[in-house]
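Working notes, structure below.
No value in this document is a laboratory result; all are computed from the given coordinates. Just so it is clear, the structure is predicted and the values come from calculations on it, not from any experiment. Virtual Cβ from ideal backbone geometry, glycine too; neighbours counted across all protein chains shown.
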Amino acid sequence: MVLKFQSKHHVEKFKKHKLYMETSKTFSSDIVTLTINEAADIASVSTDTIRNWIKSGYLISPDKKTITQTSFDQFMENIAGVEKLTSRANKLFKVDNNYKEITRKIDFLIQNFADEEIGIEYEKSLSASYRNREGIYYTPSTIARDMIRKIKIKPHLKFLDPCCGSGNFIIEAIRLGIPPENIYGFDTDENAVTITKNRIYQETEFESPNIIVGDFLEHCQRLKAEGITFDLIFTNPPWGKKMKKDEKKKYGKIFDCGDSLDTSSIFIAACFEILKKSGTLGFLLQEAFFNIAAYEDMRGKVLQKKILYIIDYGRAFKGLMTKAQAIIIKNQRPIAENKIQCIHKDSISTLNQSCFINNPKKIFNFWINEDDFKVIDRLYSIKHITLSQKAKWGLGIVTGNNKRFCKKCYSDGYIPVYKGTDILKNEIKMPSTFIPSDFSKFQQVAPMDLYMAKEKLIYRFISSDLCFAYDDKQRVILNSANLLIPENIGISTKDLAALLNSDIINWLFKRLFNTHKILRSDLELLPIHVDYFKKYKEFSEKSYLDYLGIIKLSDNIFRLKS
């Protein structure tokens with residue numbers, strides 16, 4: 001993304017700077033230069049941002065491929081950290097300055113706080129920007145303890161935490177009997193490593209040489225080459241850590257991650273490389289790992305191992321809406337009917353691992369029971385089609401400024417627009433919002449032929465329920481609603497709406513995806529039983545359930561007929 005500066009004032013101010021004037025006099029062969037890629041790496045910004053700084057006059061480029069070292073150094077020292085250029089640039093320098101300041105205080109934290117409190121205070125002291133950039137969310141000791149204590153610990157075992165943070169998993173392993181000399185850990189944060197080593201010493205009086213400042217992904221290949229493997233690997237990987245695309249592709253290829261190139265998947269795959277046969281892997285992960293399409297390839301890899309536990313710890317991290325969920329895996333092939341203990345809220349259930357293998361996208365919907373899986377199997381075993389490659393899809397309009405463009409009353413030059421809350425099942429409310437008929441100033445608009453289609457379905461985007469309405473009046477929608485136009489699926493658009501609004505398909509959607517967003521990729525996986533409409537001319541929930549061989553016991557409970 002190209003970043004734009006706020007005004008020409010910034011450019012002019014830098015151009016008047018004495019050091020700028022010196023560097024822009026004459027370019028000679030002995031001037032030291034940086035490539036645009038090198039400058040981007042040093043500044044932790046994109047190459048587009050560097051080019052934008054060149055265009056704005058902040059950096060001197062003799063040949064459009066390089067910049068002078070002097071102009072770059074002066075810009076970073078005198079302008080970027082002082083001028084309010086962009087929120088991204090400000091965050092960069094605020095993050096780095098905050099980290100330097102905290103580093104100076106690390107001895108104070110160690111001397112004045114005990115055990116886990118050191119890590120808690122250290123994490124609090126880091127800026128939100130830095131934590132977000134590095135994916136720093138330290139595992140509460142209660143969760144670390146619960147995860148590790150679900151397996152049998154023997155003193156001779158070798159333990160690794162590849163993203164050790166302030167050391168909660170490591171300390172729990174020591175307290176369960178693993179000697180500190182058998183404990184290994186990595187972290188890119190030097191302060192975190194200092195805290196962990198100090199905690200180990202306080203616990204055991206052992207000065208560990210095995211807790212190392214470094215990127216585990218870089219060290220993993222060395223460990224494998226040296227034949228160093230581990231019986232136990234427990235960690236909380238850096239969720240959402242900002243990695244360069246080339247880095248992700250490189251590690252994805254090295255560790256055979258398929259299309260799952262997020263940091264969590266890459267760390268899991270790397271850990272499998274150095275986990276002993278019959279060793280145990282425990283990962284605390286974001287909720288998305290278990291049900292989002294981007295993680296499908298890694299879920300497939302995990303399903304080739306014996307899964308012992310899946311545990312939902314809820315919203316464990318302050319400031320994060322996503323749930324923290326753990327998976328504990330044995331490094332061996334699963335037996336045909338391997339049972340997984342699934343802990344969700346206050347309920348404990350036991351599920352066959354094969355249930356997940358048969359799911360669309362290999363979703364780990366561990367919050368349901370075996371009877372639910374039987375109903376899901378029935379829905380997918382009956383002849384059906386899906387909407388994948390059988391529909392056109394369109395997003396609602398993003399105005400870029402609803403306060404400016406949206407009105408509550410009609411006026412000349414305005415047309416009605418429909419929001420997600422205007423969409424009911426098989427019904428659309430009267431319009432309460434109006435926007436200019438000239439769409440050219442809006443930020444995002446779908447192709448007009450989609451809005452103007454003779455027939456289409458409009459549906460809520462932010463919702464836990466499927467909510468579809470038939471439209472033949474060429475209505476226009478805002479981005480809280482989306483649209484689809486079925487193509488040659490063998491049933492009418494109205495019949496499709498009735499089926500998608502049905503109780504059983506809503507139940508299926510919730511049991512599979514457990515989300516508050518109605519995503520196209522999820523809708524494309526739902527079974528569309530077109531043959532039902534050959535037998536019944538008009539849709540009804542009762543006849544549809546009869547056709548499927550399913551009975552409804554309550555709003556949330558469906559079962560197979562005896």
Dipole check, the chain, charges on Cβ (K,R +1; D,E -1), about Cα centroid: among PHE290, PRO140, GLN444 the Cα furthest to the positive pole belongs to GLN444
The chain shape via C-alpha gyration tensor axes, a/c threshold 1.5: oblate
Full extension from ASP115 to ILE335: what is 0.36 nm times the residue separation minus their Cα-Cα distance, to one decimal in nm? 75.1 nm
Give the shape of region 391-560 as rounded, prolate or oblate, defined through the alpha-carbon gyration tensor: a ≥ b ≥ c are the square roots of its eigenvalues, a/c under 1.5 means rounded, and otherwise the shape is prolate if a/b is larger than b/c and oblate if not. prolate
Can you give me the distance in nm between label points at THR142 and ASP259, each placed 7 Å from the Cα along the Cα-to-Cβ direction? 3.9
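Got the relative contact order for region 145-198 handy, in percent, Cα pairs under 8 Å and 6 or more residues apart?
RCO, region 145-198: 41 percent.
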Please rank ILE178, ILE551, fewest neighbouring Cβ atoms within 10 Å first, as an exposure proxy. ILE551, ILE178
Integer Hz, Karplus 6.51/-1.76/1.60 couplings in order for region 292-306, x for Gly and Pro: 9, 4, 4, 9, 4, 4, 6, 4, x, 5, 5, 5, 7, 10, 8
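Estimate the FRET efficiency between SER464 and SER411 by the formula 1/(1 + (r/R0)^6), using the beta-carbon distance for r and 45 Å for R0, to the nearest 0.05.
Approximately 0.80, to the nearest 0.05.
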For region 308-458, what does the alpha-carbon gyration tensor say about shape, rounded, prolate or oblate, given a ≥ b ≥ c as the root eigenvalues, a/c under 1.5 as rounded, and a/b over b/c as prolate? prolate
Place a +1 charge on the Cβ of each Lys and Arg in the chain and a -1 charge on the Cβ of each Asp and Glu, then give the dipole magnitude about the Cα centre in debye, rounded to the nearest 20. 1380
If you average the sequence gap of Cα pairs under 8 Å that are 6 or more apart and divide by the length of the chain, what percent do you get for the contact order? 8
For the chain, what does -39500 (n - 2.57) per DSSP helix run (n ≥ 4), summed and divided by total residues, give at 222 nm, in deg cm²/dmol to the nearest 500? -10000 deg cm²/dmol
Calculated FRET efficiency for the pair MET448/ASP531, C-beta based, R₀ 30 Å, to 0.05: 0.25
With +1 assigned to the C-beta of every Lys and Arg and -1 to the C-beta of every Asp and Glu, and no other charges, what is the dipole magnitude of region 247-294 about the Cα centre in debye, to the nearest 20? 220
Taking the dipole of the chain about the Cα centre (Lys, Arg +1; Asp, Glu -1; charges at Cβ), the one of ILE171, ILE54, LEU303 that reaches farthest to the positive side is ILE54
Mean Cβ-within-10 Å packing, highest first, puts peptides 384-392, 267-275, 454-462 in the order 267-275, 454-462, 384-392
Here are some pairs, LYS362/LYS425; LYS124/LYS318; LYS152/LYS277; which of them have Cα atoms lying more than 19 Å apart in this structure? LYS362/LYS425
